[in-house]
Structure formats: C-alpha cells, structure tokens
Amino acid sequence: MVEFTRRELLATSAAAAVGASVSGVSSASTDDDAPLVRGELKRFSSTALGAEVTGPFVFDDGTLLYSLQHPSTENQAPFDRGGVGYFSGFQFSMTGTNDDFEELSPPSTSTERERVRSARGSYELLGVGGESINDGAERLGVTQTPDGTDITRSNFTGTQYGTPGSNPDCNQFVPTASDGSAGYLFTNWENSPGNISRIPIERTAAGELEARLDDAINLANTEPFRAIGGTRINCYGDLTPWETMISAEENYAHTRVSLTSTVGDIVADGTGVGHIGGAQFWNRPNPTEIQSAIDSYYGENAWTVQGWWALDGVEFLAYYLGADVPDDSSQPIDDQFPNPYRYGYFVDIREPAADVPRPVKYYVMGRAAWEAPDIQTDGRTVYGCSDGDSKGIYKFVADRPIQSYDDPMEIAGTLYAPKITNEDAANGGSPASVGLSIEWLELGHASNREVASWIEAFDEVTQAAYLRAHTEDYSTGDPITDELLEEADRTVIEQGNQNYITNEEIVEWARQHEQGTVDPELRKVPFLETRAAAKEIGATIEFNKAEGVDSHASAGPGDPIYFAISELNDDMASGGDLAMERVDGGVVYRGILDHRYNVSTLEPVIVGPNASDPAAIADDALINVDNIAVMDDGRVLCCEDADQLGRSYSNDCLYVFEPDEDGGHHGPPWSGDHPEHPPWDDDHPGRPPWDDHPGNSPWNDDSTDESDWDFMPPGHHYSDDRHDR
C-alpha cells in the first residue's frame, strides 16, 4: 500500500499547483506534510447535506448501519429528518482488504448532496426521530416530563440543546437470538435532556433489517433513568465485553476554566476575570446569557467563557426531573434542579433485554465531555476521550475485571490523565512525522459508590441558591432583577461559585497530591472536577476535539488502538507540551496495547488537510474525523464532522481505512526490541509473571474466564467555542 503525502498529491494535480487560500490561515503556520495516509483510505458513503456521519455499527454479517444526524430540513425526503439507517444489499467481506467496494465519488449535483449515497447498497431508514413509538405513548428520541409531556419549545419556554429527535448518534446492537437475527438496537440522542432509545430489530428471510417501532422505548422516560438524574448530550459509546451498550455523556458545560487557564491562575490572580469557564454558571438563572452579560460587564476586557453555549437545556433538564415551571420568568427555579456533578459520565445499560433496562453511571471513571469510551478485553482498562478545545484523553484501570463485581457501584479503580513527554512534540514539528510519548499521571483511586456519595452532597443546589450565596440582600421569593444578577455574576467571577467545589479546594488537592497524601474530604476533586484537577498537576490537557477511540472487539496486547483528534490547532499548536504545526483537518493516531493494556506511544496514521489546501486535495481527504470504529478485520471506519475547509462540496463522508502492513496484530509488544525473550525474563528467569495461571497469557484471545485476568495489578463549528461543538 502507498503512503500518500500532501507533496505527492500536489505534484499530481495541476489544479492544486495553482493553489487556493482560506482567509485568516497562514500557510506558514500549517503542516506541509498534510494530508498523509499510512495505508489506504477509501470513501464509502457521503451523507445528506447538513448531516454528520455518526454512530457506525457493523453487524456480524458485515452489514453497516449509521445515524443521519441533524440533516438539513431542505433535503429531499426522507433525508430531511434525523434517523438511523442501514445499507441494504451490501456487507463488508471482513477479509481485511478494501477490495469489497469501489470508492464512491464525491457528490457533484444538488440531488446527490441532498441524500445518503454509498459505494454499494442503498441506505434504508429503520427509524426517524419524532415518529410514534411504544404504541403511540412516545416519539422516538423525544424526552418527556414525569407526567408524559414532550420536552420541546412548543411546550416549554427556555433554551434547548438541539431539536429533539434530530440528533441520533451512537448505535449498538445487543442480540437476543443466538444467531444474531434479532435483538435490540440502542441509539444515543445527543440532546439535553439526553436520551437513549431501544428499538427491537430483526432480520427477515430476505436478509433485510426490520424495526418494530411499536415496541420501541425511550429509556430517558423510564423511572430508573430519572432516578439517576437522567442523562445529558449522549454522544458516542461502545459495546462492552459483557455485551451491553455504554453511552458517553458529552457534557461540554463541565469546563470550569476556559481554554489554557487553570484554577491556579485564578487563585494566583485573585480573580476569575479572563479565566472562568461555563461550569461556574450552571445554576445561574438564564445561564446561556452569561456570555453576553460578561461582554457587557467587562467590555474590552471580556473573554470567551468556554462552554457557555452548552448550558442550553439546563432548565429543561430540571423540568424533566419534575421541577415546577415558574409562573413568572423573573422567578428562579428553587424546588428541584439538576446537580451538575451528575452529568458527564459513561452510562452502562445493564439488563438490556429487561422490560426496563437498568442504567449505571461510572462516576469513578471521571467527568468530562466524553465523546467515546473503549473498554479493553482485560475487562479492567478503559480509555476515554473528551471532546472540545483544550481537553484530555484519560485512562481508568479497575482493581479487577468490571464484570466480576456483583454490584457495579462497588467497582473501584484508578483514574489517570496523560502527560506528553517527548520534546519533539513541543518543538513545532510536523504531526505527520512526530509521534507522542505518553506517561500516565495518577489522579486518584476510589469506588463508584464513594464518588456517588460525594456527588449527592450537591443535590439540593438550585438557581435560587446562586442568588442567595452570591448577593447581599436576596431572599427566597424575591424577583430576579438585572442589578441582582450582575451582583451575583461578578461575585462568582471574582470568588468562584460557592455552591460547588471551590477553587481553593482544587488548588489544595493539587498541593497535597504532589506531596503524596490527600485528605479524605479532598479525594472527590479529581473525580468531580477531572479536567481542572488534571490541569492543576500538569497533565497534557491540550487536545482539540478528541472525537474517537476504538480497538477491535477482541483486541489484546500487541494490537492497535486508534485515537481520533478532529482538529490539531489552537492549544495543540500554540504552546505547552504540544506545540506542533497546525493541521485543521485533524489527525488519527495509532497506539499499541502492551501486556498490561497500556498505551505509551501514539503514531500518526492519517493526517487531514490544512485549511488553505485547495479542493484538489481536500475533496478526497479525511476532514475533522469524528467517530471511529475498528472492524473485526482491522479496518477502521472514519466518520466526518467537517468544517469542509477547501472542499468543492459540503457533505460529510464515511471512509474506510485499511492500515499499512504494520497496522494489524503485532504479537507481544516486546517482539521487536526483545526478539528472544520478554522484558521480565531477567527478573523472572524462565517464566512470565502469570505462571501461576498456566495457559493464561494476557494476549490469549481464547481466554475468557475471569481468573485469566486476576494476576494483573491495578495502575500501571464558530470562534474558540466552535471546537466544543
């Protein structure tokens, strides 16, 4: 297979040689080696205008399914509404080569741009957002209040995060038939309040997929979901080794500080001016107005409050939980309000085939704007990536396999944040040639039950509490005035939101963490304020839109795991541990799992184009990679959420990446440097450290018994804000 670079593409295109430019982007600031593909990249599908490609899932027989997320309402029907569909008449051959389809051409006509196209097969919708389900009691993807009222702008006044039923994302299939011919399709709906639908589907005698919408349900509208506070902005996810769907809450409003700022900066400056992020205004009345308020208060000294826009739908979330709607817009919500520390987690849908599945939030895995998790076959190691500007990738390692815990609330383990350690990453090098060396910094150890108890302490905080804590004269029942709100806002900006974990607690946690002993009351900090805590101890929280992480379902030591960074710019290209040349089109990195399922190095395998690249390059390049999914044969599905850059068309596409010859199974990770013996052989002559478990080497794909794992020790789109969308 050929390795393609930008220079080679330019050399083959007379049109590209003429060049083009995008206003505001200097060619000197971008990577001349982009785009690059270490392998073969082929376009399989282009989606309808306005829609992202999200939620790819490949069934055991090779049938592909994905979500049509927020398409333009001007498209030709049925591609004018969000929904979930599969490609009829085509199955991937699972041979590990891209010869099962000829590459699809870019869309060139308005008709082609307004529909879903594919290299082979036809896209057939299984369910469309908003249509009747559950014998008419619900609408697909639409959340309801406890009394059954749809939570929409037509029924309630306030901000709303996305049109209900328009944002389907992750799809995971849990079979109920032994041959996989029937089961449940779980789909995330990326709204606030969040939602996950369960649709029974089965395969007909003709080989087609059929959905039983009358028997479908919205899990958000069940009591077990309301009991955990519901969910928020359910994005991508994963299928667990124990065959359940795990959903990722992409809670962008967790950003306590903006972009490169730290809580330490606020404490050192004695003010949050220029630093404070959207999370500190969660319980502010009319929270999405905070950016315009700060612009008014501070004028030319105003700053972008990262995540402010993601406070959309917070009041609707309160109504979802049962809060009374104030009779007067001048009254804050004071009877029931969502606890911010309940959102931004991985949610496991346990008992998926029960009449009402049981949701479990993995609080112990950290709180972020999670795009996706990837649970490894050891049952203990979980990688997660947080979407948005100046965000992190994280690792969690359970003390023992997650499925071995009878009660998931007892799951205990260690949370880690990354530190990029190689100097060439910070020396302005090319992302196409500079890999990343990772050291994992321990943030803390806890159990899921412990973290849940820390969260519970903030359940009684309401919008009225924002005014009571941050003004001199507010009394319950007083109307909200502009003067009162400004007083509260300025107090929060200067001193932090006193209703939640304080700035001083975070800084003190970091000081104690460095000394090696943390007071019990501060152990909550890295689990509830994960990003702020990681920044405070010097972790590399600089990734811009970490949009995907995946490895194939049976991956073990020596196998690859892929991380998708949608844009390599802003913080990643301006300083800190990462200061590489910018690549606006993004990068897909590949790591190799070692014998403890650790990843210590990431190498670039796909590098997108620069914003200044012309259509001759951009038309056939992967731009702003979003979801990624590794098929069983090692090929990688790469979805786009593109800014389009220099393309001649505005549609997002799905590509199939066939890695180069080094991209498959590598064998034991020491085979190159230690060709004759593994690295522990000097300390354990003649035997590996799991010898007490004969036959149970950690890369044995056939090993499924939990005893095989117990030897393993724990640990080891829009201004700056567009990058959070």
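The values are calculated or read from the model by the stated rules, or taken from the named source; none is laboratory data. Because the structure is predicted, anything quoted here is derived from the model rather than measured. Backbone-built Cβ (ideal geometry, glycine too); neighbour counts: all protein chains shown.
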* Among the residues of the stretch 341-398, count how many are hydrophobic (A, V, I, L, M, F, W, C), part of a loop (DSSP other than H, G, I, E, B) and either buried (at least 24 other Cβ atoms within 10 Å of the Cβ) or in contact with a helix residue (DSSP H, G or I) (Cβ under 9 Å, 6 or more places away or on another chain) (or both). => 2
* Selected residue (criterion: surrounded by the fewest Cβ atoms within 10 Å (Cβ to Cβ)) from residues of the stretch 138-163 that are more than 12 Å from Leu317 (Cα to Cα) and among the polar types (S, T, N, Q) -> Ser154
* To do: Being among the hydrophobic types (A, V, I, L, M, F, W, C) and under 16 Å from Ser46 (Cα atoms) is the filter here, so list the residues in the stretch 616-644 that pass it.
  => Ala618, Ala621, Leu622, Ile623, Val625, Ile628, Leu637, Cys638, Cys639, Ala642
* **Close pairs from the stretch 118-134: first on the phi > 0 side of the Ramachandran plot, partner part of a helix (DSSP H, G or I) and among the charged types (D, E, K, R), Cβ under 8 Å, at least 6 apart** => Asn134/Asp214; Asn134/Asp215
* To do: Determine which single condition Leu311 fails, assuming it passes every other condition in (1) among the aliphatic types (A, V, I, L, M); (2) crowded, with 24+ Cβ neighbours inside 10 Å; (3) over 23 Å from Cys235 (Cα atoms).
  => (3)
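Inspect all residues belonging to the stretch 126-149 and state whether any of them is outside any strand (DSSP E or B), farther than 19 Å from Pro71 by Cβ and either in contact with a Ser or Thr (Cβ under 7 Å, 6 or more places away or on another chain) or at pLDDT below 95 (or both).
Restricting attention to the stretch 126-149, the residues satisfying the condition of being outside any strand (DSSP E or B) are 129-131, 134-137, 140-143, 145-149.
Still in the list and also farther than 19 Å from Pro71 by Cβ: 134-137, 143, 145-149.
Checking which are either in contact with a Ser or Thr (Cβ under 7 Å, 6 or more places away or on another chain) or at pLDDT below 95 (or both) leaves us with none.
Looking through the stretch 126-149, none of the residues is outside any strand (DSSP E or B), farther than 19 Å from Pro71 by Cβ and either in contact with a Ser or Thr (Cβ under 7 Å, 6 or more places away or on another chain) or at pLDDT below 95 (or both).
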* Structure fact -> Given (1) more than 22 Å from Cys235 (Cα to Cα); (2) modelled with pLDDT of 95 or more; (3) of a type in the set (Lys, Arg), Arg7 misses just (2)
* Any idea how many residues of the stretch 475-497 are buried (at least 16 other Cβ atoms within 10 Å of the Cβ), at negative phi and assigned to a loop (DSSP other than H, G, I, E, B)? -> 3
* Flag for Leu36 being touching an Asp or Glu at 6+ places or on another chain (Cβ under 9 Å) and at pLDDT below 95 -> yes
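Farther than 20 Å from Ala533 by Cβ, part of a strand (DSSP E or B) and out of contact with any Lys or Arg (no Cβ under 6 Å at 6 or more places or on another chain) - does that describe any residue in the stretch 416-434? Steps first, answer last, please.
Step one: of the stretch 416-434, the residues farther than 20 Å from Ala533 by Cβ are 422-434.
Subsequent filtering for residues that are part of a strand (DSSP E or B) retains none.
No, there is no match, as no residue in the stretch 416-434 is farther than 20 Å from Ala533 by Cβ, part of a strand (DSSP E or B) and out of contact with any Lys or Arg (no Cβ under 6 Å at 6 or more places or on another chain).
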* Asked: Across the stretch 82-107, what is the total count of residues that are surrounded by 21 or more Cβ atoms within 10 Å (Cβ to Cβ) and farther than 17 Å from Asp633 by Cα?
  -> 7
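I want to confirm something. Restricting to the stretch 561-595 and keeping residues that are assigned to a strand (DSSP E or B) and in contact with a helix residue (DSSP H, G or I) (Cβ under 6 Å, 6 or more places away or on another chain), which single residue is farthest from Lys395 (Cα to Cα)?
Keep residues of the stretch 561-595 that are assigned to a strand (DSSP E or B), which gives 561-565, 568, 573-575, 578-579, 582-583, 587-592.
Still in the list and also in contact with a helix residue (DSSP H, G or I) (Cβ under 6 Å, 6 or more places away or on another chain): 578-579, 582.
Working: Leu578: 19, Ala579: 23, Arg582: 26 Å.
Result: Arg582.
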* Close pairs from the stretch 327-352: first farther than 21 Å from Thr222 by Cβ, partner β-branched (Val, Ile, Thr) and not in a loop (DSSP other than H, G, I, E, B), Cβ under 8 Å, at least 6 apart -> Tyr341/Ile455
* Positions within the stretch 505-543 being buried (at least 24 other Cβ atoms within 10 Å of the Cβ) and either part of a strand (DSSP E or B) or at positive phi (or both), in sequence order -> Phe543
* Which condition breaks for Asn286 when tested against (1) among the polar types (S, T, N, Q); (2) within 30 Å of Thr377 (Cβ to Cβ); (3) in contact with a Leu (Cβ under 9 Å, 6 or more places away or on another chain)? -> (2)
* Structure fact -> Note on Ala425: of the conditions (1) surrounded by 19 or more Cβ atoms within 10 Å (Cβ to Cβ); (2) over 22 Å from the mean Cα position of the chain (by Cα); (3) farther than 20 Å from Gly392 by Cα, unmet is (3)
* Structure fact -> Log entry, pairs with first residue in the stretch 66-77 being more than 17 Å from Leu140 (Cβ to Cβ), second being loosely packed, with under 13 Cβ neighbours inside 10 Å, beta carbons closer than 9 Å, six or more apart or on different chains, reads Gln76/Thr111
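Look through Asp389, Asp406 and report the one residue that is charged (D, E, K, R), at pLDDT 95 or above and within 25 Å of Val347 (Cβ to Cβ).
Details: Asp389 fails: at pLDDT 95 or above.
After applying the criteria, what remains is Asp406.
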* Structure fact -> Picked from the stretch 596-610 (must be closer than 24 Å to Ala539 by Cβ and outside any strand (DSSP E or B)), the residue farthest from the chain's Cα centre (by Cα) is Arg596
* Asked: Can you name the residue in the stretch 186-235 that is more than 23 Å from Val451 (Cα to Cα) and β-branched (Val, Ile, Thr) and is also surrounded by the fewest Cβ atoms within 10 Å (Cβ to Cβ) among such residues?
  -> Thr204
* Collect the residues in the stretch 167-182 that are crowded, with 22+ Cβ neighbours inside 10 Å and more than 21 Å from the chain's Cα centre (by Cα), keeping them in residue-number order. => none
* Asked: Scanning the stretch 190-232 for residues that are under 19 Å from Gly83 (Cβ atoms) and part of a loop (DSSP other than H, G, I, E, B), which turns out farthest from the chain's Cα centre (by Cα)?
  -> Glu208
* To do: Return the only residue of Ser600, Ser566 being surrounded by fewer than 22 Cβ atoms within 10 Å (Cβ to Cβ) and out of contact with any Cys (no Cβ under 7 Å at 6 or more places or on another chain).
  => Ser600
* For the stretch 283-301, does any single residue satisfy the condition of being outside any loop (DSSP other than H, G, I, E, B), surrounded by 22 or more Cβ atoms within 10 Å (Cβ to Cβ), in contact with a Gly (Cβ under 6 Å, 6 or more places away or on another chain) and not polar (S, T, N, Q)? -> no
* To do: Go through the stretch 228-244 and count every residue that is small (Gly, Ala, Ser) and farther than 21 Å from Asp626 by Cα.
  => 2
